[in-house]
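J.: I have a structure here, written as structure tokens, and I will follow up with some questions on it.
Every number here is computed from the coordinates shown, using simple stated rules; none is lab data. Computed from a predicted model, the values in this text were never measured in an experiment. We place every Cβ from the backbone using ideal geometry, glycine too, and count neighbours over all the protein chains shown.
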Amino acid sequence: MRRIGTALAVAAGFLLAWQALVVATGLPPFLLPGPVAVAEALSSHRTVLARAVLRTATEILAGFTLGAGTGAALAVAMAGFPRLAAALRPVLLISQVIPIFALAPILTLWLGYGMAPKIVVAALICFFPVASAFLDGLMRTSPACLDLARTMGANGWREMWHLRIPMALPMLGSGLKLAAVYAPIGAVIGEWVGGSEGLGAVMIHANGRMRIDLTFAALALVTLLALAFHATVSWMVRRGFARFA
């Protein structure tokens, strides 16, 4: 409760300072709307924004699930087959070197303007942190534990399933929490590049009409959605992996 109270106090102080800056400088609303104007935009466009939140949340959840699941599965495969790991490590690195903004238009061209390219962009941006963290955990299993397991007759996938994966779950949890931060970014980038629905599309359309108050309203909702998603994933990780920490 103390942590929540501190966060709320900081947020309130930021909003008051923001409103004071707007009033003191007399900036026009198309440059910097105050929090009061943003709140009015939230209220007057609540139906459109509610649909956009639902759309973006669906893309975030689907992209996170696809990217995290694929990343975890590939990490297990690479840990089990060293030759596969040696072949795929450069591919993983290259996949992160290419800017996601460069891939988003291509995916839109291939997959259309629906939800699919946004999910794929979110999945791509979530894939690497999960795969990298989980693989790192799988490769750092204690040699003493491995020797003991092999002495007791465990080998191959039994060793992986009963020893290496459980010991690497804390690292997987770290990767999942990091991916939960990136998933909203991927979904919004996909909506910016080619989309007519979602909070990213609302921001682009509002900015084109010089409705900066609505742009800020959508940005505030993206931030709240990202914080809520990260908090949910962190809670699930703590509850699910607590006994392995």
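J.: What Kirkwood hydrodynamic radius, in Å, does the chain give when the mean of 1/r is taken over all pairs of distinct Cα atoms and then inverted?
T.: Taking the inverse mean of 1/r over all distinct Cα pairs, the chain comes out at 20.3 Å.
J.: Oh, and also: Report, to two decimal places, the Cα Rg of the range 1-132 normalised by 2.2 N^0.38 Å (N = number of residues).
T.: 1.52
J.: If amide hydrogens are placed 1.01 Å from N in the peptide plane, which non-local residues have theirs closer than 5 Å to the one on HIS45?
T.: Amide H neighbours of HIS45, under 5 Å, 5+ apart: none.
J.: If you plug each phi of the range 19-32 into the Karplus form 6.51 cos²θ - 1.76 cosθ + 1.60 with θ = phi - 60°, what whole-Hz ³J(HN,Hα) values come out, in order, with x for Gly and Pro?
T.: With coefficients 6.51, -1.76 and 1.60, one gets 5, 5, 4, 5, 5, 6, 8, x, 4, x, x, 6, 9, 8 Hz.
J.: Further, regarding this structure: May I ask you to evaluate 6.51 cos²θ - 1.76 cosθ + 1.60, the Karplus curve with θ = phi - 60°, for each residue of the range 157-164 and list the ³J(HN,Hα) values in order in whole Hz, giving x for glycine and proline?
T.: Karplus values, whole Hz, x for Gly and Pro: 6, 5, 4, 5, 6, 8, 10, 5.
J.: Using Cα springs under 10 Å in a Gaussian network model of the chain, which residue among ARG46, ARG164, ARG150 shows the largest mean-square fluctuation?
T.: Largest GNM mean-square fluctuation: ARG150.
J.: Convert each backbone phi in the range 205-211 into a coupling constant with the Karplus relation 6.51 cos²θ - 1.76 cosθ + 1.60 (shift: θ = phi - 60°), then list the ³J(HN,Hα) values in order as whole Hz, x for Gly and Pro.
T.: Computed from phi, the couplings for the range 205-211 are 5, 5, 5, x, 9, 6, 8 Hz.
J.: With a 10 Å cut-off between alpha carbons and a GNM built on the chain, which of LEU92, LEU16, LEU138 moves the most?
T.: Maximum among the listed residues: LEU16.
J.: Have a look at PHE30, LEU15, VAL130 and report the one farthest towards the positive end of the charge dipole of the range 1-140, computed about the Cα centre with Cβ charges (Lys/Arg +1, Asp/Glu -1).
T.: After comparing all options, I get VAL130.
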